[in-house]
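Novice: Below are the structure tokens for one structure; questions will follow.
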Amino acid sequence: MNKKSAASDTLKQKIKGLKCRECGKLYPAVAMHVCEFCFGPLEVDYNYDEIKKIISRERIESGPKSLWRYADLLPVEGPPTVGLYAGFTPLIEAKNLGAELGLKKLYIKNDTVNHPTLSFKDRVVAIAITRAKELGFTAVACASTGNLANSVAAHAAEARLQCYVFIPGDLEAGKILGSLIYAPTVVAVNGNYDDVNRLCSEVAGEYNWAFVNINIRPYYAEGSKTLAFETVEQLGWKAPDHVVVPVASGSLLTKIWKGFNEFRMLGLIDSVTTKVNGAQAEGCSPVASAFKEGRDFIKPVKPKTIAKSIAIGNPADGYYALKAVRESKGSIDAVTDGETIEGIKLLARTEGIFAETAGGVTIAVLKKLAMKGLIPPDETVVAYITGNGLKTQEAVINAVGDVVRIDPSMDSFEKSLNIKEKNN
Amino acid sequence: MSHFRIRIGFPEDKITEPIIYQIGHEFKVVTNIRKADVREKTGWVELELIGDSGEIEKAIESLRAKGVKVEPIERNIIE
Ligand SMILES: [Zn+2]
């Protein structure tokens, strides 16, 4: 058997089905997300024995320059059909920021430039919608106030699928422009957060749509593993000593931890000693509080923070994120809105990267952990910047400097700026 | 007939009240408990409501009016 046919064999057999994270009950690999017996979340069950036979660093390195180079560990059966350019974003050695924070080996994983909608959601959505097409869906949906909606609407347009985006009725018009442009059906639901949230869950149960973060969630969530895979490959096939990850639903952090461990299990790296650290905004920090108080359960909170893209008061995977942080001997911290804005400005000023509020939270927590000595100066640390600052400009509009206004004369220019070096 | 899976969170002062029994009598819904953890100061129950979607929505409204937290099993969906 030649190598090529061995590869396609693996692709056919790599997903065994879905498995309950709580009771272990097995299900076929269809569009479902909750165990019918214990209501635990379902996760993709891979045929690692088969994957192990075929996967190698060389095989990955010869793949496309996108997250699809890790297709052997992603929950799709055939080749990708949508979102072909998602992922493989730059891992930047942040020397300037590192110098300010006293960290000698600091890296920024820059998903502010993810394709096509400038956030890490393009990873999860590329996989969710490729899988939704494989499962025969003709309509996709999501409930979102920002990044997820943008990404689902864009990918649905590319895939020529019907698209329904649910938003709370009081969301500002400007917030939805980045979704409306792709011409989905945007449904604005009157009512408070709990009403809107409940209706979306009901709709997902009644309609035969691929609701990306509900019935497609087991596939969707796996896309976040690619942030770990890329980090390892870009560091020269090594897992970092520390990562700092923003925590919203908790899925991103959980899957980054899973990604490192999958690589180790498959022999692509020798060991994983990575400490996984979580970052939350003080105004919505249910996971950070549970960590601080030594609790094993999450107490829901009502969000009040400018970091809206990570303001999830009752996170679906909060429990698992907490577990991953404890397993890896990492930490979770929270920062104020003021620290978040300073974090955005610090990253922009030192590295030329404009992050959205979640990125500000991540940088501010990174700073806090470094100051507390939880991230030592000589250890390798990767901070995940998951969305672009152009999407949350209102957060920093009053925190950036003003222009120097002058009259159209050299005199006015020189008096206003008083620059010493001159060409004469 | 609709099926809707919810998670009910009890504040301390509601833990002793037979709230699930009550909604089963007040509305045309079948309540089917799958998982629960009730401690001294906090408690939650995960269950399925089976019935007409209008009755399910009324039952949820009533649960909230009784002072317990009701969320879909997926918790927060809006990302
Ligand atoms: Zn189960």
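The values are calculated or read from the model by the stated rules, or taken from the named source; none is laboratory data. Keep in mind the model is a prediction, meaning the values are calculated, not measured. Cβ placement follows ideal geometry from the backbone for every residue including glycine, while neighbour counts extend to all protein chains displayed.
Novice: Please work out which residue is nearest to A:Asn213 (Cα to Cα), limiting yourself to the range B:58-78 and to residues that are within 8 Å of another protein chain (Cβ to nearest Cβ) and part of a helix (DSSP H, G or I).
Specialist: Initial filter on the range B:58-78 (within 8 Å of another protein chain (Cβ to nearest Cβ)): B:60, B:64, B:69-78.
Subsequent filtering for residues that are part of a helix (DSSP H, G or I) retains B:60, B:64.
Numbers: B:Ile60: 23, B:Arg64: 25 Å.
Looking at the filtered set, the residue picked out is B:Ile60.
Novice: Is the range A:189-202 home to any residue that is assigned to a loop (DSSP other than H, G, I, E, B), among the charged types (D, E, K, R) and under 22 Å from A:Gly313 (Cβ atoms)? I'd like the intermediate steps shown before the answer.
Specialist: Pass one, the range A:189-202, residues assigned to a loop (DSSP other than H, G, I, E, B): A:190-192.
With among the charged types (D, E, K, R) added as a condition, the list becomes none.
No, the conditions are met nowhere in the range A:189-202.
Novice: What helices (runs of 4 or more DSSP H) lie completely within the range A:330-424 and have 3 or more residues being in contact (Cβ under 8 Å) with a residue 12 or more places away in the chain?
Specialist: Where helices (runs of 4 or more DSSP H) fall fully within the range A:330-424 and carry at least 3 residues being in contact (Cβ under 8 Å) with a residue 12 or more places away in the chain, they are A:337-351, A:357-371.
Novice: Filter the range B:44-54 for residues that are crowded, with 18+ Cβ neighbours inside 10 Å and more than 11 Å from chain A (Cβ to nearest Cβ) and give the result.
Specialist: Listed by number, the list holds a single entry, B:Gly51.
Novice: Which count do you get for residues in the range A:113-163 that are surrounded by fewer than 24 Cβ atoms within 10 Å (Cβ to Cβ), modelled with pLDDT of 95 or more and of a type in the set (Val, Ile, Thr)?
Specialist: 2
Novice: Within the range A:162-175, can you find the residues that are within 14 Å of another protein chain (Cβ to nearest Cβ) and free of Cβ contacts under 8 Å to residues at least 24 places away in the same chain?
Specialist: A:Asp170
Novice: How many of the residues in the range A:284-302 are farther than 20 Å from B:Arg39 by Cα and surrounded by fewer than 19 Cβ atoms within 10 Å (Cβ to Cβ)?
Specialist: Count: 2.
Novice: Check the range B:27-37 and report whether any residue there is touching a residue at least 60 places away in the same chain (Cβ under 8 Å) and of a type outside the set (A, V, I, L, M, F, W, C). Even if it seems obvious, please write down each step before you answer.
Specialist: First pass over the range B:27-37, keeping only residues touching a residue at least 60 places away in the same chain (Cβ under 8 Å): none.
No: zero hits.
Novice: Within the range A:122-164, restricting attention to residues that are part of a strand (DSSP E or B) and touching a Leu at 6+ places or on another chain (Cβ under 7 Å), which residue is nearest to A:Ala311 (Cα to Cα)? Can you show your working first?
Specialist: As a first pass, look at the range A:122-164 and keep what is part of a strand (DSSP E or B): A:139-143, A:162-164.
Restricting the remaining residues to those that are touching a Leu at 6+ places or on another chain (Cβ under 7 Å) gives A:139-140, A:142.
Numbers: A:Ala139: 27, A:Val140: 24, A:Cys142: 17 Å.
Going through the qualifying residues, I end up with A:Cys142.
Novice: Restricting to the range A:176-211, and then to whatever is of a type outside the set (Gly, Ala, Ser), surrounded by 19 or more Cβ atoms within 10 Å (Cβ to Cβ) and away from chain B (no Cβ under 12 Å), can you tell me which residue is nearest to A:Gly146 (Cα to Cα)?
Specialist: A:Ile176
Novice: Could you tell me whether the range A:58-80 includes any residue that is under 19 Å from A:Val232 (Cα atoms), in contact (Cβ under 8 Å) with a residue 24 or more places away in the chain and of a type in the set (Asp, Glu)?
Specialist: Taking every residue of the range A:58-80 in turn, at least one turns out to be under 19 Å from A:Val232 (Cα atoms), in contact (Cβ under 8 Å) with a residue 24 or more places away in the chain and of a type in the set (Asp, Glu).
Novice: List every residue pair whose Cβ atoms sit under 7 Å apart, with the two residues 6 or more apart in sequence or on different chains, where the first one lies in the range A:15-35 and is within 16 Å of A:Asn213 (Cα to Cα) and within 13 Å of the ligand (Cβ to nearest atom) and the second, anywhere, is outside any loop (DSSP other than H, G, I, E, B) and acidic (Asp, Glu).
Specialist: Matching pairs, first to second residue: A:Leu18/A:Glu43; A:Leu18/A:Asp45.
Novice: Right, something else. Are any residues in the range A:260-311 in a helix (DSSP H, G or I) and under 30 Å from A:Asn47 (Cβ atoms), and if so, which ones?
Specialist: Selection gives A:Phe260, A:Asn261, A:Glu262, A:Phe263, A:Arg264, A:Met265.
Novice: Still on this model: Does A:Glu293 count as within 14 Å of chain B (Cβ to nearest Cβ) and among the acidic types (Asp, Glu)?
Specialist: When the stated conditions are applied, A:Glu293 passes them.
Novice: Run down A:Val44, A:Val76, A:Val82 and say which single residue is within 23 Å of the chain's Cα centre (by Cα) and either within 16 Å of the ligand (Cβ to nearest atom) or at pLDDT below 95 (or both).
Specialist: Only one candidate passes the filter, namely A:Val44.
Novice: Say whether the condition of being more than 28 Å from A:Glu43 (Cα to Cα) and touching a residue at least 40 places away in the same chain (Cβ under 8 Å) is met by at least one residue in the range A:109-120.
Specialist: Yes: the range A:109-120 contains one or more residues that are more than 28 Å from A:Glu43 (Cα to Cα) and touching a residue at least 40 places away in the same chain (Cβ under 8 Å).
Novice: Here is a further query. Among the residues of the range A:121-155, write down those that are free of Cβ contacts under 8 Å to residues at least 40 places away in the same chain and in contact with a Phe, Trp or Tyr (Cβ under 7 Å, 6 or more places away or on another chain).
Specialist: A:Ala153, A:Ala154
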